[in-house]
1. Compute the distance in nm between two label points, each set 7 Å from the Cα along the Cα-to-Cβ direction, one at E41 and one at D78.
2. Can you grab the distance from the C-alpha centre of the stretch 1-24 to the C-alpha centre of the stretch 51-124, Å, no decimals?
3. If amide H atoms are built 1.01 Å from N in the plane of the peptide, which residues on other chains or at least 5 residues away come under 5 Å of the amide H of F87?
4. Averaging sequence separations of C-alpha pairs under 8 Å and six or more residues apart, then dividing by the length of the stretch 3-131, give the relative contact order as a whole percent.
5. Given R₀ = 22 Å, what would the calculated FRET efficiency be for A59 paired with T3, taking r from the Cβ atoms and rounding to 0.05?
Amino acid sequence: MKTLLVSAVALIDVDGRVLLAQRPKGKPMEGLWEFPGGKVETGETPETALIRELREELAIDTWESCLAPLTFASHSYDDFHLLMPLFACRKWQGIVQPNEGQRLAWVRPQDLKSYPMPPADIPLIPILRDWL
């Protein structure tokens with residue numbers, strides 16, 4: 001089984017809310033809410049992949065020094081195993097915009113569980129909620 005390395009971020013605003021993005025129609029697990037991020041390409045670190053993905057998906061810039069490793073997900077799906085480091089980020093430049101047509105939501109930590117998420121993301125919720 002192939003292992004897929006995906007980097008994700010909990011963007012945290014000044015009010016302590018976390019950004020979730022809804023997977024667009026036509027993508028696997030469409031309609032589910034997830035932490036922004038994406039695949040780590042060959043030659044990238046999880047941090048550089050996340051910086052690139054945030055620029056592409058949300059039109060914001062951040063820096064490696066602003067990405068704090070928080071926890072990770074390790075989950076087997078039917079056709080691949082997902083390994084996903086989750087970083088916390090409180091500092092970025094620009095205004096968050098949905099560049100890929102995805103819906104976005106700023107969510108209070110205690111409300112994260114009310115958003116349907118991919119199976120790999122669900123165990124991250126209590127860790128994030130307790131940390132915040």
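1. 2.9
2. The stretch 1-24 and the stretch 51-124 have Cα centres spaced 1 Å from each other.
3. Answer set, sorted by chain and number: A8, V9, A10, L70.
4. That works out to 33 percent.
5. The formula returns an efficiency of 0.15 here.
Where a number appears in this text, it was derived from the coordinates with a stated rule and is not lab data. What you see is a predicted model; the values in this text were computed from it and never measured. Neighbour counts are summed over all protein chains in view; Cβ atoms, including those assigned to glycine, are modelled from backbone coordinates with ideal geometry.
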